[in-house]
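Right, one structure below, let's go through it.
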Amino acid sequence: MNKIRQNFQTILWIALTASFLMVSCHKPEEEIPAIMAKQGIYILNEGLCEMNNSTLSYYNYADGTIIPDVFLNQNNRGLGDTGSDLKAYGSKLYCISNLSERVEIMDLSDGTSLKAITLQGKQPRKIAFYENFAYVSCYDGTILQIDTTSLTITATQQAGSNPEGLCVANHKLYVANSGGLNFPNYGNTLSVFNLHDFSFLKTITVGLNPYSVAADMQGDIYVVTRGNYNDVPNQFQRIDSQIDEVVQTFGFPVMNFTICDDYAYLYAYDFSTHAKSFKILDILSETVVNENFITDGTTIETPYCIAVNPLTHDIYITDAYQYTVNGDVYCFGQNGKKKFQFEAGLNPTALVFKY
């Protein structure tokens, strides 16, 4: 029985950690010089669970070179075990190491560590920002508030079981309560918090096993619910943040997505059949405007992360292949044709664009 449980947990970790960057980007008010969009990309490579081999790669646009582990180079130590999220806010880069139970805060300019916040017993997963605070979801059911100036924990709130993705809209924080470690009793709610005082507001019932959430510029919340990886399929749902209720369930599967301007870039991947799709959704009309945004025949074996550069609008997809070899990062133009690709690390799970 213990061996069966261990095998299931291994499969579950692969499924749960097939994660991607949830970046919502907005059109700049003024045209930004092209050179500012041509610095580079940080890539968080998740590594393998309990192998302590997460890395932070850096790709330089100017000459197409890549530093395989810029964090190790800058800090003379490893990044930790199972990197689960990477985001930039202000002049800092924030990395979540799930099994190392740490938030690593770096200088965005070069990856130098500014502070590591240890979260023993919490298993942090994802991070979001609002004004002067960062909010971190933790598998122990809590949400942490971190002051982005002092880099200290200032408050803690209770969410649901095994919270994953989180996002901000209308001065509220939305947290996906996955219940992902409670098979077969997955969660099916989002917790909502008032960010004026970080108080709990309500729960919203969604599909089974909610994972990724992101907000658009109109204040709608989009959520991917991953089902049970068997007879309950994943779903894509929309929540109106004015009334905090699900107002739409789309009729196609989505494994994860990112939002840029008025479009959501979506992909689906079936762990059993390996079937996949790549769509673009117009989030003003809520209609699919492109059924396959890869137009040149490029094959992605195991999509693992999707992101859009908010300045160039190029689309980036990472391929994890079989989860045990280094993955690749693919860049596609808005015409769906591949511009370039490069090798990253093991299971590239999040991208941050450096301007």
Problem - Cβ-Cβ under 7 Å pairs, at least 6 apart or on other chains, the range 90-104 side at negative phi and part of a strand (DSSP E or B), far side surrounded by fewer than 21 Cβ atoms within 10 Å (Cβ to Cβ) and small (Gly, Ala, Ser) - result: ARG102/ALA116; GLU104/SER113; GLU104/ALA116
Practice task
Please specify each residue of the range 167-226 satisfying the condition of being closer than 27 Å to CYS260 by Cβ, surrounded by fewer than 18 Cβ atoms within 10 Å (Cβ to Cβ), touching a Ser or Thr at 6+ places or on another chain (Cβ under 7 Å) and among the polar types (S, T, N, Q).
Solution key: ASN170
Problem - Within the range 260-306, tally of residues that are among the polar types (S, T, N, Q) and within 20 Å of GLN341 (Cα to Cα) - result: 6
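Condition first: touching a residue at least 12 places away in the same chain (Cβ under 8 Å), among the polar types (S, T, N, Q) and farther than 15 Å from GLY165 by Cβ. Now tell me which residues in the range 180-197 satisfy that.
In the first step, residues of the range 180-197 are kept if they are touching a residue at least 12 places away in the same chain (Cβ under 8 Å); the result is 180-184, 186-196.
Next cut, among the polar types (S, T, N, Q) only: 182, 188-189, 191, 194.
If the condition is that a residue be touching a residue at least 12 places away in the same chain (Cβ under 8 Å), among the polar types (S, T, N, Q) and farther than 15 Å from GLY165 by Cβ, then ASN182, ASN194 are the ones that fit.
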Practice task
Only residues in the range 254-265 that are at positive phi count as the first member; pair them with residues that are of a type in the set (Lys, Arg) and surrounded by fewer than 21 Cβ atoms within 10 Å (Cβ to Cβ), Cβ under 9 angstrom, at least 6 apart or cross-chain, and list the lot.
Solution key: ASP261/LYS27
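Just for the range 317-331: of the residues that are of a type in the set (Val, Ile, Thr) and not in a loop (DSSP other than H, G, I, E, B), which one is nearest to PRO68 (Cα to Cα)? Don't jump to the end; show me each part of the working.
Pass one, the range 317-331, residues of a type in the set (Val, Ile, Thr): 317-318, 324-325, 329.
Filter once more, so that each one left must be not in a loop (DSSP other than H, G, I, E, B): 317-318, 329.
Values: ILE317: 18, THR318: 15, VAL329: 13 Å.
Ranking the qualifying residues of the range 317-331, first place goes to VAL329.
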Exercise for the section: Out of the residues in the range 251-260 that are surrounded by fewer than 23 Cβ atoms within 10 Å (Cβ to Cβ) and either of a type in the set (Ser, Thr, Tyr) or over 16 Å from CYS167 (Cα atoms) (or both), state the one that is nearest to the chain's Cα centre (by Cα). Expected result: PRO253
Practice task
Run TYR58 past the list (1) in a loop (DSSP other than H, G, I, E, B); (2) at pLDDT 95 or above; (3) over 17 Å from the mean Cα position of the chain (by Cα) and report the number of the one that doesn't hold.
Solution key: (1)
Problem - Where ALA275 falls short, out of the listed (1) farther than 24 Å from GLU164 by Cα; (2) in contact (Cβ under 8 Å) with a residue 12 or more places away in the chain; (3) of a type in the set (A, V, I, L, M, F, W, C) - result: (2)
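Residues GLY251, GLY219: which one is under 24 Å from LEU173 (Cβ atoms) and either touching a helix residue (DSSP H, G or I) at 6+ places or on another chain (Cβ under 6 Å) or of a type in the set (Gly, Ala, Ser) (or both)?
Working: GLY251 fails: under 24 Å from LEU173 (Cβ atoms).
None of the other options fit; the residue is GLY219.
The values are calculated or read from the model by the stated rules, or taken from the named source; none is laboratory data. Here the structure is a predicted model, which is why all the values come from computation and not from measurement. In this analysis, Cβ positions are derived from the backbone assuming ideal geometry, glycine residues included, and neighbour counts consider all displayed protein chains.
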